[in-house]
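Novice: Pasting a structure here, questions to come.
The values are calculated or read from the model by the stated rules, or taken from the named source; none is laboratory data. Just so you know, these numbers come straight off a predicted model, no measurement behind them. Here the Cβ positions follow ideal geometry from the backbone for every residue, glycine too, while neighbour counts run over all protein chains shown. Side chains are part of the model used for accessible areas, which takes the heavy atoms of the whole protein and leaves out ligands, DNA and RNA. Shrake-Rupley method; radii C 1.70, N 1.55, O 1.52, S 1.80 Å.
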Amino acid sequence: MGIFISSFCTCLGAMPVLLIKNVSHKGKDILLAFTAGIMVSASAYGLIPSALKLSNMVVLVVGILAGTLVLMLLESSLPHMDLDHSLSVPNRSSTLLFLTAMSLHNLPEGLSVGISNISDAQELGAVVSFAIGLQNIPDGFLVALFLLTQGVSRVQAIFLATLTGVVEFLSGLIGLYFGGSFTYIIPYGLAFAAGAMLFVVYKELIPESHGDGNERAATLAFIIGFLTMFSLTEILR
């Protein structure tokens, strides 16, 4: 139940995009930059410190480089698309890279929830499920918001955001049934997810948010997004 609830929070967080009807070019750039700020903050103050606590610098470096390399190979294998900054045609390469990064981000979280629910420590499963569930609410909104800026319909954006939550649910079941056998993978997974997210931010989100002459507004949105996620991370600790 804890695994299901924490994963379902991703879908719950995506729901507010139903209230967003039209996104202008400037609005798109601001939202993309805000998304980038959240992802950098999540990597710097969530994924990377967690990986270090569970392992060491070598594991962190290996995981980040592996995540970056996998996304780089994926990006190079996709048909090249010049950025036209249009809201009418979805940028499929950006969308696929973003969804891949967010799904990878959910894998170690799901394993953590599953493993904690069979831990000998009393109430640990409930605490971890609750904490990750709270974090998944802004994650779901983040995914749906990005998809909206790429020309995806609101219903499709919610559906695809929910699918990233399904990835976490399935990895949670793996952690639940295989327990300690996967504990050593978690720090690698956290670092891998950080590398993937940082690649997407620098390769896709920042360039796209600076293509319509809205650099100052986008930069401010990036900083606000960074501070927003940082504040949420501190509150949840």
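Novice: Could you please state how large a percent of the accessible area of the chain is carbon and sulfur, counting protein chains only and using a 1.4 Å probe?
Specialist: On the chain, the fraction of accessible area on carbon and sulfur atoms equals 71 percent.
Novice: Can you put F222, F199 in order of accessible area, largest first, using a 1.4 Å probe?
Specialist: These residues rank, largest area first, as F222, F199.
Novice: Can you put F178, F230 in order of accessible area, largest first, using a 1.4 Å probe?
Specialist: Order by accessible area, largest first: F178, F230.
Novice: Counting Lys and Arg as +1 and Asp and Glu as -1, each charge on the Cβ, what is the dipole of the chain about the Cα centre in debye, to the nearest 20?
Specialist: Approximately 200 debye in magnitude.
Novice: By how many degrees, 0 to 90 and rounded to 10, does the Cα axis of helix 57-77 deviate from the longest principal axis of the chain?
Specialist: 40 degrees
Novice: Right, here's the next one. Would you rank V62, V40 by solvent-accessible area, highest first, keeping every protein chain in place and using a 1.4 Å probe?
Specialist: If we order V62, V40 from most to least accessible, we get V62, V40.
Novice: Could you tell me which of rounded, prolate or oblate describes the stretch 146-224, using a ≥ b ≥ c as the square roots of the eigenvalues of the alpha-carbon gyration tensor, with rounded for a/c under 1.5 and, failing that, prolate when a/b is larger than b/c and oblate otherwise?
Specialist: Verdict is oblate for the stretch 146-224.
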